[in-house]
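Student: For reference, the structure I am asking about is given below.
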Amino acid sequence: MDLKAKPFYLSEEKIAWVKSQLSNMTTEEKAGQLFCILFREGTKEEVDELYEILQPGGCMFRPLPLESSIELSNYVREKTKYPMLVAANLEKGGNGIVQGGTLVGSPLEIAATGEVEMAVKMARVCAREGAAVGANWSFAPIIDIDENFRNPITNIRTFGSNPDMVADMGEAYVKEIQSHGFAASIKHFPGDGHDERDHHLLTSVNELSCEKWDATCGMVYQRCIDAGALTCMIGHIMLPNYSKKLDPSIKDEEILPASLSKELLDGLLRKKLGFEGLIITDASTMAGFTMAMSREKGVPSSIAAGCDMFLFSRNMREDYEYMLKGIKEGIITPQRLDEAVTRILALKAALNLDTPRADIQLEDAKQAIGCKEHKDWATECADKAVTLVKEQKGILPISPQKYKRVLFYPIEAKDCIAAYGVREGACELIKQKLIDLGFEVTEFEPQQLHEGRTRATKDMVDNYDLIIYIANLSTKSNQTTVRIEWAQPMGANCPHYIQEIPTIFCSIENPYHLLDVPRVKTFINTYCSNDPSIDALIDKLTGKSEFKGKSPVDPFCGKWDARL
């Protein structure tokens, strides 16, 4: 490999550093460099326990309080023999690594503004706030194409269903964050968003033909590779048509997810697309990986197939032993091992981690985390993104004078995932804001209803002027295609009264809920549950601000009745 060329562009001095580090490593140290591990708790005890087993090449932080994030970064720097790649899911803003970090907007919210510059601003926030606590590697941008509305993990985590929009936004993110000394990681190769299943739960499938893949997913990856993306994350996703094209002798039962597939990693990503950066698996704890091959064989086989780093572990000591065994038995050849470690070291050199750095200071970090400029960008994004999908004429805007008595239907998950920026309690917050504006708000209670003895329709009409639904149900891992679980009995909280009482449905974290309430005539998507998005929703409901967003996906899900 040519370390002077794209994407590392190393000088002779840096290449000499890479070679020196590699030549001085033992086989055990090289094996350690292959791992990017997760620090979930961020304690010194967690770090010490890990370093008793191996010296990892990289680590990932979950969002921690600011002081804890800085202490963790400084302690890891103190413990490591080799400079450390520090990653985070910087998909929406600095909230991906530090509590209190700015959530600018979900990728779909960014796309709903229609402005590539908003992706640039989001990437800038990710870089500034990530660097403030010691990060240097962003597991973003997500450049999956949200082709299948039934996919439970992609939607708001993508830039939409238009490949050109995804490419524009992804390329802008890559260029901006890498201009700040970060490595971007384009993901999830060869492309999520096509299957209706989640590769956290099984080995999923991208069924696109080779020609369709080239024109869509392949085009997006090529654009981001040409933009200089330093790393690429590989999904536990099969691409059978390309596997068969690249290896005509392969049988169906031999097709593997990209994270274990030599023909996809070497033949498609390296040779056809020309990617020479670092390749890392997606989380190896996901069922899409564990179901594809035995753990003992799968750990070293991912590296042998062409991945350079192995993300996370199910049991750190055991996975490290599996990796060493794979090296000893020749599953990973000496040449492949050195090639992988060389790319890891080259990435570190490209990020200037080969030069000593001072400890991170809390006061410096406070200047960046959640600063006014970043919050202003989040407010701008929300204002430009909130989308009026369809409207019953005359319903909007709302006011206490027009609709004093509001029946409020909250539909909210009880297990939101903070790591993805999903906010618990968004429904209650919106309810309180309506009360503060002077509305008399009554929350619907399904347990009051019994089949055969429900409240009379006339009673509902006499007591309520307006019905508002707020659905705070997110796209997240470990979820099937169920979007809404309605209350018993017989969907007690379904929109039963849309013909009698004006009804507004607002979806906060999923753009596809209209599929489940197609007859609701006024429907709004916000794509995010942060403060700016909620404030923008209230402003637009009450006519204080106009709707400006344009949906980056088909919110009607191809259903004619949803357009009525």
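Student: Assuming Lys393 fulfils every condition listed in (1) crowded, with 16+ Cβ neighbours inside 10 Å; (2) within 30 Å of Pro502 (Cβ to Cβ) apart from one, which condition is it?
Tutor: It is condition (1) that Lys393 fails.
Student: Determine which member of the set Ala119, Ala111 is buried (at least 21 other Cβ atoms within 10 Å of the Cβ) and either closer than 20 Å to His180 by Cα or outside the structural domain of Leu347 (by TED's automatic domain parsing) (or both). First the steps, then the outcome.
Tutor: Numbers: Ala111 fails: either closer than 20 Å to His180 by Cα or outside the structural domain of Leu347 (by TED's automatic domain parsing) (or both).
Just one listed residue meets the conditions, Ala119.
Student: With the requirement that a residue be within 16 Å of Leu103 (Cα to Cα), in contact with a helix residue (DSSP H, G or I) (Cβ under 6 Å, 6 or more places away or on another chain) and among the polar types (S, T, N, Q), what does region 504-538 give you?
Tutor: Thr526, Ser529, Ser533
Student: Would you please name the residue that is modelled with the lowest pLDDT, looking only at residues in region 330-386 that are under 14 Å from Met84 (Cα atoms) and basic (Lys, Arg)?
Tutor: Here the answer is Arg357.
Student: Let me confirm something: among Met233, Met219, which residue is buried (at least 21 other Cβ atoms within 10 Å of the Cβ) and either at pLDDT below 95 or not charged (D, E, K, R) (or both)?
Tutor: Numbers: Met219 fails: buried (at least 21 other Cβ atoms within 10 Å of the Cβ).
Exactly one residue qualifies, and that residue is Met233.
Student: While we're here: Is at least one residue of region 173-184 over 21 Å from Leu256 (Cα atoms), charged (D, E, K, R) and part of a helix (DSSP H, G or I)?
Tutor: Looking through region 173-184, at least one residue is over 21 Å from Leu256 (Cα atoms), charged (D, E, K, R) and part of a helix (DSSP H, G or I).
Student: Looking only at region 314-341, count how many residues are over 31 Å from the mean Cα position of the chain (by Cα) and not in a helix (DSSP H, G or I).
Tutor: Count: 4.
Student: In addition: Exactly one condition in (1) assigned to a loop (DSSP other than H, G, I, E, B); (2) polar (S, T, N, Q); (3) surrounded by 14 or more Cβ atoms within 10 Å (Cβ to Cβ) is not met by Asn352; state its number.
Tutor: It fails just one condition, (3).
Student: Within region 488-536, work out how many residues are on the phi < 0 side of the Ramachandran plot and part of a loop (DSSP other than H, G, I, E, B). Even if it seems obvious, please write down each step before you answer.
Tutor: Step one: filter region 488-536 for residues on the phi < 0 side of the Ramachandran plot, giving 488-489, 492-526, 528-536.
From what's left, part of a loop (DSSP other than H, G, I, E, B): 488-489, 492-502, 508-512, 517-521, 526, 528-530.
Summing the residues that are on the phi < 0 side of the Ramachandran plot and part of a loop (DSSP other than H, G, I, E, B) in region 488-536 gives 27.
Student: All but one of (1) modelled with pLDDT of 95 or more; (2) surrounded by fewer than 24 Cβ atoms within 10 Å (Cβ to Cβ); (3) in a loop (DSSP other than H, G, I, E, B) hold for Gly101, so report the exception by its number.
Tutor: The number of the failed condition is (2).
Student: Identify the single condition in (1) in a helix (DSSP H, G or I); (2) over 25 Å from Ile186 (Cβ atoms); (3) assigned by TED's automatic domain parsing to the domain that holds Ala183 that Ser73 does not satisfy, given that it satisfies every other one.
Tutor: Here Ser73 meets the rest and fails (2).
Student: Next question, about the same structure. Only one of (1) surrounded by fewer than 20 Cβ atoms within 10 Å (Cβ to Cβ); (2) under 30 Å from Asn24 (Cα atoms); (3) touching a strand residue (DSSP E or B) at 6+ places or on another chain (Cβ under 8 Å); (4) not polar (S, T, N, Q) fails for Leu54. Which number is that?
Tutor: The number of the failed condition is (1).
Student: Continuing with this model, one more query. Only one residue in Ser507, Ser477 is at pLDDT 90 or above and among the hydroxyl-bearing types (Ser, Thr, Tyr), so which one is that? Show your work before the answer.
Tutor: Values: Ser477 fails: at pLDDT 90 or above.
Answer to the check: Ser507.
The values are calculated or read from the model by the stated rules, or taken from the named source; none is laboratory data. The structure presented is a predicted model; accordingly, all values stated were derived computationally and were not measured. In this analysis, Cβ positions are derived from the backbone assuming ideal geometry, glycine residues included, and neighbour counts consider all displayed protein chains.
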